[in-house]
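Here's the structure we're looking at; comments come further down.
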Amino acid sequence: MKLIVVSAGLSSPSSTRLLADRLTAATLGHVDAEPEVIELRELATEIAQHFVTGFPPARLAAALDAVAAADGLIAVTPVFAASYSGLFKSFFDVIDKDALTGKPVLIGATGGTARHSLVTEHALRPLFTYLRALVLPTAVYAASEDWGESGLAQRIARAGAELARHMAPAAPNVDTAAAIAPRSLTGAITSVDPADGLEVVPFEQRLAALRAR
């Protein structure tokens, strides 16, 4: 399996890349996958050329193909003007409209203050939902004061486990649907399993009995 990590950090080293690396490690702790990191700052010129010419240069084309072929995606951006960075948005603007359909995506963001913590919900999640990706429930935002705190580590661990499960879902050992929602003799869903030896009276029969009174 292939895990693609998109980091939109602009400096080296950057807190955005650090968060991306920690999310990657948390995911690989639960699934056997080959990770590949795409640093968008290295592709900034190629992305701009693609907008102007309509054709991606070789390095950008390889990055777009890698994202499209991934079994799972981690996407992390720094916060600019209370939203994702322009570089981050530009990369996903030039990706094929069907490349992320049904693909599990773990979203993350970094910022200087906790005031921007909802950027994952009001900016990142709608973006990937529009691209028809499967955006995981746990998004990770890391403010400057979060580094070294146990809360951030817990969110990273939970998010990584979620992505791993969606990349390689375990085969169920039992008939979960039957266990949760057994059916009556008529096929209707009921909270009573006929295998328990209890008599299941169809709803139509109950209505008929009421009319006869």
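The values are calculated or read from the model by the stated rules, or taken from the named source; none is laboratory data. Computed from a prediction, not measured in an experiment: that's the story for all the values here. Cβ placement follows ideal geometry from the backbone for every residue including glycine, while neighbour counts extend to all protein chains displayed. Heads up: the accessible areas ignore ligands, DNA and RNA and are worked out on the full protein's heavy atoms, side chains in. Shrake-Rupley method; radii C 1.70, N 1.55, O 1.52, S 1.80 Å.
With (1) assigned to a helix (DSSP H, G or I); (2) buried (at least 21 other Cβ atoms within 10 Å of the Cβ) as the list, and ILE38 as the residue in question, which single condition is left unmet?
(1)
Among the candidates ILE156, ILE74, which residue alone is crowded, with 16+ Cβ neighbours inside 10 Å, among the β-branched types (Val, Ile, Thr) and over 30 Å from HIS50 (Cβ atoms)?
On the way: ILE74 fails: over 30 Å from HIS50 (Cβ atoms).
Going through ILE156, ILE74 in turn, just one is crowded, with 16+ Cβ neighbours inside 10 Å, among the β-branched types (Val, Ile, Thr) and over 30 Å from HIS50 (Cβ atoms): ILE156.
Residues in segment 100-116: is at least one surrounded by fewer than 21 Cβ atoms within 10 Å (Cβ to Cβ) and under 17 Å from the mean Cα position of the chain (by Cα)?
Yes: segment 100-116 contains one or more residues that are surrounded by fewer than 21 Cβ atoms within 10 Å (Cβ to Cβ) and under 17 Å from the mean Cα position of the chain (by Cα).
Test PHE88 against the criterion of being in contact with a Phe, Trp or Tyr (Cβ under 9 Å, 6 or more places away or on another chain) and open to solvent by 20 Å² or more (accessible area, probe 1.4 Å), and give yes or no.
No; evaluated as a whole, the condition is false for this residue.
For segment 141-152: of the residues being open to solvent by less than 50 Å² (accessible area, probe 1.4 Å) and free of Cβ contacts under 8 Å to residues at least 40 places away in the same chain, which is nearest to TYR84 (Cα to Cα)?
Only one residue fits best here, namely TYR141.
What about ALA61, is it free of Cβ contacts under 8 Å to residues at least 40 places away in the same chain and either open to solvent by less than 20 Å² (accessible area, probe 1.4 Å) or not charged (D, E, K, R) (or both)?
Judged against the criteria, ALA61 is a match.
So which residues in segment 125-140 are closer than 21 Å to ARG165 by Cα, assigned to a helix (DSSP H, G or I) and either open to solvent by less than 60 Å² (accessible area, probe 1.4 Å) or modelled with pLDDT under 95 (or both), if there are any at all?
ARG125, PHE128
Just one of PHE91, PHE80, PHE55 is among the aromatic types (Phe, Trp, Tyr), over 17 Å from ARG155 (Cβ atoms) and touching a residue at least 40 places away in the same chain (Cβ under 8 Å); which is it? Quick ask: steps written out before the conclusion?
On the way: PHE80 fails: touching a residue at least 40 places away in the same chain (Cβ under 8 Å); PHE55 fails: touching a residue at least 40 places away in the same chain (Cβ under 8 Å).
Step by step, each of PHE91, PHE80, PHE55 is checked, and only PHE91 is among the aromatic types (Phe, Trp, Tyr), over 17 Å from ARG155 (Cβ atoms) and touching a residue at least 40 places away in the same chain (Cβ under 8 Å).
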